[in-house]
Amino acid sequence: MSDKEPLLNEEVPVTGQENPAGDAAGAAEPRNRKKSRAGRDTHAEELHQLQEENAALNDKFLRLYSDFENYRKRTTRERLDMLKTASEEVILALLPVLDDFDRALKTLGAAQADDPMLEGVLLIHSKFSNILAQKGLQPIEAMGQVFDTDYHEAITHIPAPSEEMRSKVIDVTEKGYMLGGKVIRYAKVVVGS
């Protein structure tokens, strides 16, 4: 035997790193370290996976929240638009009556200036026009204006009487109207060319 090998009967000095329980327990310690490292790795993987799930759920929540906010704003805007133009069909049905009043006033105004019947028709016309104006109806001014397809509908083109009337409205055959900033009937006009 060599001097460096301990005898079976001799005691082996115990250090802080060796296990006093014996060789079998001392050999198991590196395995425990490996197990604890593997455990830390699985915990880190689980933590990473949970963080990814959390980020995905937060993203999904934010998208759903923004979709709901957009939906809420859109329905509010649609409700306000509906309230503004709820009477559009009724007013469209009344426009021919307003046109008849305008034609009657033209005819009666030229024939009789101080007729009490004309004054009554004027009173009814102004009342009717004021009520429609309170509901948001506005006439589209067309006479002498530059032809604009957003507000005017050209029914015919005629030679302009002067160069300055070129591409302008020369005559209005039917008045146009807007309701709440939206054109509900285009003005039918004659355009100079």
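General remarks:
- Backbone amide hydrogens, once placed in the peptide plane, bring residue 168 within less than 5 Å of 147, 192, excluding anything fewer than 5 places away on its chain.
- DSSP beta bridge pairing in region 61-193, given as percent antiparallel to the nearest 5: 65
- Stretch gain in nm, segment residue 67-residue 153, where the contour uses 0.36 nm per residue and the Cα spacing is subtracted: 26.9 nm
- Among the listed pairs 135/188; 84/135; 106/127; 84/175; 106/135, those beyond 20 Å (Cα-Cα): 135/188; 84/175; 106/135
- Residues whose amide H falls under 5 Å from that of residue 153, counting only those 5 or more places apart or on a different chain, are 187, 188, 189, with hydrogens built in the peptide plane.
- For residue 128, the solvent-accessible surface with a 1.4 Å probe is about 40 Å², rounded to the nearest 10.
- Residue-level accessible surface for residue 89, protein heavy atoms, 1.4 Å, Å²: 150
- Compactness of region 83-171 as Cα Rg over 2.2 N^0.38 Å, two decimals: 1.37
- Couplings 3J(HN,Hα) of region 170-179, computed from phi: 9, 8, 10, 8, 8, 5, x, 9, 10, 10 Hz, in residue order, whole Hz [Karplus 6.51 cos²θ - 1.76 cosθ + 1.60, θ = phi - 60°; x for Gly and Pro].
The values are calculated or read from the model by the stated rules, or taken from the named source; none is laboratory data. Everything numeric in this text was worked out from a predicted model, so none of it was measured. Remember, those area values only see protein heavy atoms, side chains included, never the ligands or the DNA or RNA. Shrake-Rupley method; radii C 1.70, N 1.55, O 1.52, S 1.80 Å.
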